[in-house]
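Worksheet: one structure, shown below.
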Amino acid sequence: MPPQTQSVLFDEAQAVALRSAATSAAKNAYAPYSHFHVGAALLLENGQVITGCNVENASYRLTTCAEQAAIARAVSELGPRIRIVAVAIANKDTTAACQPCGACRQTIAEFADPTCRILFPAEGGKSGECTLADLLPASFTSQNLQNASK
């Protein structure tokens, strides 16, 4: 099981900066089919911010979500022991609500504690925030695999 994320100060200024980084990443999204341009920014335990954007494919199932792109980038640049403290999601259409999809929630859970902060655009252009545990109360973890092999 990955180590637990240590307590990291996460204040309003960091939230604003993380949302801004996600908004910038959304501008690079490749979304010719859905026109749903999404960016994600991860705040890692070491203080680094890593971004990603969605990349669509004509075969919709092969589309890569922004959150998964950012996580893959973080792992490829820093290795598999990354720990995520917070995730911000942004949509180029600032009126569109945009929480992580189920697959992204599960992928975030692989590298974050249940207390990981998730920042997202809510209905009506408002800012939403919750924890990973709020979004995914029954995540499937390595502990489930260890218990199954006993």
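Take E77 and decide whether it is among the acidic types (D, E), at pLDDT 95 or above and closer than 26 Å to Q143 by Cβ. In short, no.
Whether a residue is in contact with a strand residue (DSSP E or B) (Cβ under 8 Å, 6 or more places away or on another chain) and more than 18 Å from L18 (Cα to Cα) was assessed, and S139 passes this test.
Let me spell it out: the conditions are (1) within 16 Å of L132 (Cβ to Cβ); (2) surrounded by fewer than 19 Cβ atoms within 10 Å (Cβ to Cβ); (3) free of Cβ contacts under 8 Å to residues at least 60 places away in the same chain, and F10 meets all of them except one. Which number is the exception? Among (1) within 16 Å of L132 (Cβ to Cβ); (2) surrounded by fewer than 19 Cβ atoms within 10 Å (Cβ to Cβ); (3) free of Cβ contacts under 8 Å to residues at least 60 places away in the same chain, F10 violates only (3). Just one of the listed residues (G39, G124, G128, G52) is modelled with pLDDT under 95 and within 22 Å of R19 (Cβ to Cβ), namely G124. When the stretch 127-140 is filtered for residues that are closer than 20 Å to L42 by Cα and either assigned to a loop (DSSP other than H, G, I, E, B) or among the polar types (S, T, N, Q) (or both), the ones remaining, listed by number, are S127, T131, L136, S139.
Given the options A97, A86, A58, name the one that is of a type in the set (G, A, S) and either out of contact with any strand residue (DSSP E or B) (no Cβ under 8 Å at 6 or more places or on another chain) or farther than 26 Å from G124 by Cβ (or both).
The conditions single out A58.
Could you list, in sequence order, the residues of the stretch 41-73 that are over 14 Å from A86 (Cβ atoms) and β-branched (V, I, T)? Please lay out each step first, then the result.
Filtering the stretch 41-73 down to residues over 14 Å from A86 (Cβ atoms) leaves 52-66, 68-69, 72-73.
Listed by number, the residues that qualify are V55, T63, T64.
Among the conditions (1) loosely packed, with under 14 Cβ neighbours inside 10 Å; (2) in contact with a Leu (Cβ under 8 Å, 6 or more places away or on another chain), the only one that I89 does not satisfy is (1). Within the stretch 108-145, count every residue that is touching a residue at least 24 places away in the same chain (Cβ under 8 Å) and under 27 Å from S76 (Cα atoms). So the answer is 21.
The values are calculated or read from the model by the stated rules, or taken from the named source; none is laboratory data. This one's a predicted model, so the numbers in the text were calculated from it and none came from an experiment. For neighbour counting, all protein chains shown are included, and Cβ atoms are generated from backbone atoms with ideal geometry for every residue, glycine included.
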